């Protein structure tokens, strides 16, 4: 799991999602992940945008991302550029 500080760019009411920019890598937990994620890959996500369910952001604007999300295991691409 990796956690990023996130800045909300806009709210998309049709999907009840925030578009956020990942601005800082805050924490990485590698134990038991079974997946090798490089530091360069994690840093490479800084500046990317992500659509996040509105309720997923906590008050500190920290966005925790699971290994499946980080490695592209979701059906739709999670990270994008504007």
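Taking the mean number of other Cβ atoms within 10 Å as a proxy for protection, how do you rank 4-10, 39-45 from highest to lowest? Walk me through the intermediate numbers first.
Values: 4-10: 16.1, 39-45: 11.6.
By packing density, highest mean first, the sequence is 4-10, 39-45.
Modelled label-to-label distance, residue 23 and residue 40, 7 Å Cα→beta-carbon offset: nm?
Inter-label distance under the simple model: 2.8 nm.
Here, each number is a calculation from the coordinates, and none is a lab measurement. Being a predicted model, the structure only gives us computed values, none of them experimental. Cβ: placed from backbone, ideal geometry, glycine included. Neighbour counts: every protein chain shown.
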